[in-house]
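First comes the structure, then the notes that go with it.
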Amino acid sequence: MSCGPWQDTGCQAQIKANEGIFPTSNEKAGTMTTAEPTIEQETRSEDELDVPWQVVVHNDPVNLMSYVTMVFQRVFGYPREKAERHMLEVHQKGRSILWSGMRERAELYVQQLHGYLLLATLEKTC
Amino acid sequence: MEIRRRNDHIEISELDPFLAELLRQIPASANPDGVQAAEQRLFSPPSNGKQTELCAEWRIYVEPELRRLFQTATETVAADLQQLNGNEKSFANRTLRIPAKHADEWLSALNQARLVIAAKNNFTENELNDHFRSPIGSRRDLSLFQVNFYGFLQESILRELES
């Protein structure tokens, strides 16, 4: 799955050297100058910034509690107690944040959870 | 009906014809085709609607993978269920042996079937949690029994995997 350039962080000031190590046409006049480097300000929209993303699992009346616990253990490697705590939070509060961090990994987790037929979404923290 | 682990198999024995028929129904029951609610439940969106680009990419790249994954599981279960299609007398109790390595496919197929049946019948949470419902008297009752029976099998398989 290709989901765009989310690995990069924030705004970047990129210095373009303009192949500047080579002499310019002023050489003919006896002086040798190099072109000034161009500074390009690359801006990115808020969507592209790698702010933390949350993996949220929502309540579902069909999925069994024991099954959901097993899925949390398998997907996130959580110990049984932690997996059960999250499962109960889903059951009682309707949702639980299972993980937060980089978008690509969060997407992978959501994909895995969907593979187990859980209702899971990806949400931006801010 | 009895479920136990025997070496590298999970054995479901003393299956009466009715329960054997419900087992045979798993692959067909897991098919969401033609029912939008069931399709939407199996292939739910990855975001709460704000991330339209993500949802669009998801449909292109992830959904086909999920379809393959679910289909592989139901095909594996269908192949295991061939054991129930022998020439034994139709009223005789049967035994089904599920290879332990197929346990994940069974868990998936049972879950698919439960979700699809629940979506098709629009079962409420109260109905799904009513495990002391009166005897089967309608098609809807039968579907609810099916959901509960498959849930019981899921629980049993999970227990056998943990033990």
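Here, each number is a calculation from the coordinates, and none is a lab measurement. What you see is a predicted model, and the numbers here were worked out from it, not measured in a lab. No Cβ is skipped: glycine too gets one built from the backbone with ideal geometry, and neighbour counts run over all protein chains shown.
Just a few scattered comments:
- Shielding value for A:60-73 is 5, the average number of Cβ atoms from other chains within 10 Å of each residue's Cβ.
- Over region B:7-92, the alpha carbon radius of gyration divided by the compact-protein estimate 2.2 N^0.38 Å works out to 1.51.
- Kyte-Doolittle mean at least 1.0 and Cα axial length at least 30 Å: DSSP H helices in chain B: none
- Where chymotrypsin sites (Phe, Trp or Tyr not before Pro) fall in DSSP loop in region B:51-159, at most 13 other Cβ within 10 Å: B:Phe91, B:Phe132
- At R0 = 22 Å, FRET efficiency that the Cβ-Cβ distance of B:Asn126 and B:Phe152 yields, to 0.05: 0.70
- Among A:His91, A:His86, A:His114, a tally of other beta-carbon atoms within 10 Å of each Cβ gives an order, fewest to most, of A:His91, A:His86, A:His114.
- For region A:52-126 versus region B:11-85, the gap between their alpha-carbon centres in whole angstrom: 20 Å
- Percentage relative contact order, region B:37-106, counting C-alpha pairs under 8 Å, at least six apart: 28 percent
- Taking every alpha-carbon pair under 8 Å whose residues sit at least 6 apart, region A:53-124 reaches a relative contact order of 53 percent.
- Residues A:Glu107, A:Glu123, B:Glu21, ranked from the fewest to the most other C-beta atoms within 10 Å, line up as B:Glu21, A:Glu123, A:Glu107.
- Sparse-neighbour loop sites [trypsin sites (Lys or Arg not before Pro); region B:94-139; at most 16 other C-beta within 10 Å; DSSP]: B:Arg133
- Overall Cα dimensions of region B:2-162 - principal axes, largest extent first, Å: 55, 37, 31
- Estimated 222 nm signal from helices in chain B, with DSSP H stretches of n ≥ 4 weighted -39500 (n - 2.57), rounded to 500: -17000 deg cm²/dmol
- Dipole magnitude for region B:2-162: about 200 debye, using +1 per Lys or Arg Cβ and -1 per Asp or Glu Cβ, origin at the Cα centre.
- Dipole magnitude of region A:53-124, debye to nearest 20 (Cβ charges: Lys/Arg +1, Asp/Glu -1, about Cα centre): 120 debye
- Annotation: the residues A:Asp60, B:Asp141, sorted from fewest to most other C-beta atoms within 10 Å of their own C-beta, follow the order B:Asp141, A:Asp60.
- Selection from B:Met1, B:Leu54, B:Ala78, by position along the positive dipole direction of region B:1-92 (Cβ): B:Leu54
- Relative contact order of chain B, defined on C-alpha pairs under 8 angstrom at six or more residues apart (%): 33 percent
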